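The values are calculated or read from the model by the stated rules, or taken from the named source; none is laboratory data. Quick caveat: nothing in here was measured; it's all calculated off a predicted structure. Please note: Cβ atoms are built from the backbone with ideal geometry, for glycine as well, and neighbour counts cover all protein chains shown.
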Amino acid sequence: MRFKNCITDKNIDEAVKIANSILNAGSSLINDLSNKDDFQYNSGHGTQVALNLILVREPVNVYSYKSINPFTKAIGYFDGEAIWINLRKLPLLTKEDVIGLLLHEYAHYCGYKHGNNFKSEHKCKHSVPYYLSENVKRWI
């Protein structure tokens, strides 16, 4: 188990279960990562990334928050200890969006970075957090 759901929301619970299932050895996500050798941003080869993501560690708690700014673009974040999902954005998110958010923030939990917060096509292909969030439909 990689995620511990601390939110009483059926959709989040289902997304957490799916995210937990695809972060296991032999899953299509882990196999895909193992074959990828062009990660940048100090990520290493895909085999190292895949191994780091499936290593047993304490599960990360998933909480919700309501942003002060109703116009923020942030759908969630990792604060160094837990993953937080913005309740203002939750009604707009699909199950795949939530799974992608969990995987993206879990990558941060595992120590992977993507430089600044400006998403680009290059980062979606070559940084672990964005790669996980942008390709989730391939693995579920």
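Can you tell me which residue within the stretch 93-140, out of those that are hydrophobic (A, V, I, L, M, F, W, C), modelled with pLDDT under 90 and not in a loop (DSSP other than H, G, I, E, B), is farthest from Ile30 (Cα to Cα)?
Result: Cys124.
Only one of Lys36, Lys4, Lys73 is surrounded by 14 or more Cβ atoms within 10 Å (Cβ to Cβ) and under 17 Å from the mean Cα position of the chain (by Cα); which?
Being surrounded by 14 or more Cβ atoms within 10 Å (Cβ to Cβ) and under 17 Å from the mean Cα position of the chain (by Cα) holds for just one of Lys36, Lys4, Lys73, which is Lys4.
May I ask you to say which residue of Asn20, Asn24 is of a type in the set (S, T, N, Q), within 15 Å of the chain's Cα centre (by Cα), more than 17 Å from Glu134 (Cβ to Cβ) and surrounded by fewer than 14 Cβ atoms within 10 Å (Cβ to Cβ)?
Criteria check complete, one pass: Asn24.
Okay, residues lined up against (1) farther than 25 Å from Asn116 by Cα; (2) among the polar types (S, T, N, Q):
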| position | (1), (2) |
| --- | --- |
| Lys17 | yes, no |
| Ile22 | yes, no |
| Asp38 | no, no |
| Thr47 | no, yes |
| Glu58 | yes, no |
| Ser67 | no, yes |
| Gly76 | no, no |
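If the Cβ limit is 9 Å and pairs must be 6+ apart or interchain, which residue in the stretch 92-120 that is touching a residue at least 40 places away in the same chain (Cβ under 8 Å) and within 26 Å of Ile7 (Cα to Cα) pairs with which residue that is in a loop (DSSP other than H, G, I, E, B) and of a type in the set (D, E, K, R)?
Leu102/Arg2; Tyr106/Arg2; Ala107/Lys113; Tyr109/Arg2; Tyr109/Arg57; Tyr109/Glu81; Cys110/Arg57
Which residue is surrounded by the fewest Cβ atoms within 10 Å (Cβ to Cβ), if the candidates are limited to the stretch 49-70 and must be among the aliphatic types (A, V, I, L, M) and in a helix (DSSP H, G or I)?
Leu51
Report the residue count in the stretch 1-42 for those that are in a loop (DSSP other than H, G, I, E, B), among the aliphatic types (A, V, I, L, M) and free of Cβ contacts under 8 Å to residues at least 60 places away in the same chain.
Qualifying residue count, the stretch 1-42: 2.
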